[in-house]
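None of the figures in this text is laboratory data; all of them are computed from the coordinates on show. Remember, predicted model here, so these are calculated numbers, not experimental data. Heads up, the Cβs are rebuilt from the backbone with ideal geometry, glycines too, and the neighbour counts pull from every protein chain shown.
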Amino acid sequence: MKPADSPQNTVDKNMLGVFRYSRRAIDLVWKTSPALTIGLALATLIAGVTPAAMAYVGQLIVDAVVAAMESYKQDQILHYQTALNYVLLEGMLVLVIAAAQRALTAQQAILQGLLGQKVNLLILEKAQSLTLSHFEDSEFYDKLVRARREASSRPLALVNKTFALLQNAISLSSFAVLLWHFSPWALALLVCGALPSFIAEAKFSGDAFLMFRWRSPEVRQQNYLETLLAREDNIKEVRLYQLGDRFLQRYTEIFIKLFKESKRLILRRESWGFALGVISTLVFYGAYGWIVSDTIIGAITLGQMTMYLLLFKQGQSSVSASLTAISGMYEDNLYLSNLYEYLEQETPLATTGQVVGPIPNDGIRFENVSFQYPGNDKPALANINLHIRPGHSLAIVGENGSGKTTLIKLLTRLYNPTQGRILLDGLDLLEWEESALLKRVGVIFQDFVRYQFIVGENIGAGDNDRFNDQTGWKKAAELGKATDFIDELEQGYQTQLGRWFRGGQELSGGQWQKIALARAFMREDADILVLDEPTAAMDAQAEANIFQHFQEHTKDKMAILISHRFSTVRLAHEIIVMEHGQIKERGTHESLLEQQGQYAHLFTLQAQGYK
Ligand SMILES: Nc1ncnc2c1ncn2[C@@H]1O[C@H](COP(=O)(O)OP(=O)(O)OP(=O)(O)O)[C@@H](O)[C@H]1O
């Protein structure tokens, strides 16, 4: 890695440009709800000006009381009306401030929900536009995890802090106007007293962010261990091999490492916070003494003293609240940089390609196709040449890791060839419009998805346009030989599958595979059908039956089958044998047997196994 690209440098750059995300966060909140944003601003304004008004009314009360006391001494008549009016006014201001605070809290809570949903949608929508290789890249995956974990609450946090800052700034300006009369120096003192705390806050929030970024891989490891220790699909093996204690220990070791770092940061942050807080307290009490002595010598009235003390106290807490808000904003910005880093991840341009090829019915051609996975130094496929015509079936055999699945990933454009090209009906796959291309392909991978939905939807997932087509489900289930067990389920096609949700029913491996096959049959319009070992959990006879049946129902289509079972493979029109990413042998079952090569060898081995 070049030094310029190191994570440290990226982070430094982010720290510098970190405030650029504030505006975008506010934008996001505004777009989520203009009405609520305006409501927040109004409530903030009211909550901002009321404290100064209260301090001022406080002064009026004290001065009115002192004046009333003096008049009472002179004429023995009670003059309490003015003072009581001011008391009433202060009471009303208390109500106003309470209402403004409640309005702020309510609006923030409502916005929080809306914004969380909006940001999560942005994250998930982005995930849809990424390529498979993004998901296989651990660094990118970290970004996604970080974005999902933190960022959905951060934009509002940032906006709330911006408003808190505004509220404090408004309060402070109004305090400043009143304090100025006492002494401009008092104002300066107020600001300087709180400054050291701000610098410390900003530094520590930066440190917290760096820690958060560095931790991501460890946190992912911890999450993974959690799924191993607490998810039904893993627990079986973990129990039987008695791995629980080992995994728990790993989990704890990661925690201890992370906890040590957190503890150190918390302790440093809080001790610095205390030390710098002492400075602020000293400043405050210095000013207190100053105001008291000015009152004793009669430079200011008792009412003014009350007001200044209040202003000073509230002013000081406003300054430190603003500074904390600023450093908090800095922290939110750092976290948000994660979100935008993820959202700005480059995605391949949506191809506005063609929807038909120049040579209809030409089928699929691989021309000198080679492919290397990003980050791998060995090619997964090298110089593949193939032609599959409509109405023909191709079986791919080869040892583990020989490149069979990779070939399918290229054919379905999950990856693009690093060399050569793949044509469908005479048109390069890259030039096809994505949805037109995908409509023509139906694939069931060996690790097909077991949707925790009802049976029918698990089948309907094969054709998005007919997702809820109940007649379609039944037809496809019949073709996938799945009807016998579906009919036995209490709620038939409405049965919830999997264990994640209440009442879910778990199926056997073979039953799931039948569901997956039915899903492939659901894709009636697709003319390229690919089965990548989805029948491995069935016995050899059942697999052969299914493939035969599959071929009969896909007569004018192209069918591609990956299997390790020669009893099925032999049924295909053409067979290729792959080794180290290359096609080593090709032909029909009979011609390959005649060649006496690897196919013949493997076939005989397997046939002997069945004897
Ligand atoms: N996502 C990936 N990233 C990097 N390398 C990969 C990836 N997937 C597969 N490979 C590598 O590419 C090679 C071919 O893998 P592929 O999955 O195509 O084999 P396969 O023939 O389908 O194997 P199997 O019979 O075990 O399913 C292997 O060496 C594998 O390590």
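Key figures
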| quantity | calculated |
| --- | --- |
| Rounded to whole Hz, the Karplus (6.51, -1.76, 1.60) HN-Hα couplings of region 382-387, x for glycine and proline | 9, 6, 8, 10, 8, 9 |
| Length gained when the stretch residue 354-residue 219 is fully extended (0.36 nm per residue, less Cα-Cα span) | 44.2 nm |
| Estimated dipole of the chain in Debye, rounded to 20 [Cβ of Lys and Arg +1, of Asp and Glu -1, Cα centre] | 1220 debye |
| Cα convex hull volume per residue for region 529-611 (Å³) | 105 Å³ |
| Distance-filtered residues of region 231-268 - backbone nitrogen under 15 Å, label point 7 angstrom along residue 499 Cα→Cβ | 231-241 |
| Positive-end residue of 369, 274, 545, charge dipole of the chain with Cβ unit charges | 274 |
| Two-site FRET efficiency, residue 549 against residue 211, from Cβ-Cβ distance with R₀ of 56 Å, rounded to 0.05 | 0.45 |
| Positive-end extreme of charge dipole, region 420-501 - chosen from 424, 438, 501 (charges on Cβ) | 501 |
| FRET efficiency for residue 231 and residue 378, using Cβ-Cβ distance with R0 set to 45 Å, rounded to 0.05 | 0.85 |
| For region 312-442, diffusion coefficient by Stokes-Einstein and Kirkwood Rh (Cα), 10 °C, 1.306 mPa s, µm²/s | 85 µm²/s |
| C-alpha center-to-center spacing [region 158-199, region 305-384] in angstrom | 36 Å |
| FRET efficiency, residue 84 to residue 177 (Cβ-Cβ, R0 35 Å, nearest 0.05) | 0.85 |
| Where N is the number of residues in region 87-206, Cα Rg divided by 2.2 N^0.38 Å | 1.61 |
| Shape box of region 347-418 [Cα atoms, principal axes, largest first, Å] | 36, 34, 17 |
| Dimensions (Å) - the chain, Cα atoms, principal axes, largest first | 128, 56, 54 |
| Per-residue HN-Hα couplings for region 72-79 [Karplus 6.51, -1.76, 1.60; θ = phi - 60°; Hz; x = Gly/Pro] | 5, 4, 7, 10, 6, 10, 6, 10 |
| For peptides 581-593, 331-343, 118-130, sequence by mean Cβ density within 10 Å, most packed first | 331-343, 581-593, 118-130 |
| Scattering curve values for region 154-203, log₁₀ I(q)/I(0), Debye with Cα scatterers, q = 0.18, 0.22, 0.29 Å⁻¹ | -0.72, -0.91, -1.04 |
| Total charge dipole magnitude, region 216-292, about the Cα centre, Cβ charges on Lys, Arg, Asp, Glu only, Debye to nearest 20 | 200 debye |
| Flagged links, alpha-carbon separation over 25 Å, of 481/557; 31/203; 126/409; 378/584; 236/404; 514/555 | 31/203; 236/404 |
| Amide H contacts of residue 381 (H built 1.01 Å from N, under 5 Å, at least 5 apart or other chain) | 371 |
| Cα lying deepest toward the dipole's positive end in the chain, options 604, 575, 401, charges on Cβ | 401 |
| Mean shadow area of region 223-306, taken as a quarter of the surface of its Cα convex hull (nm²) | 9.7 nm² |
| Cα-projected label distance for residue 35 with residue 275, points at 7 Å along beta-carbon direction, nm | 5.2 nm |
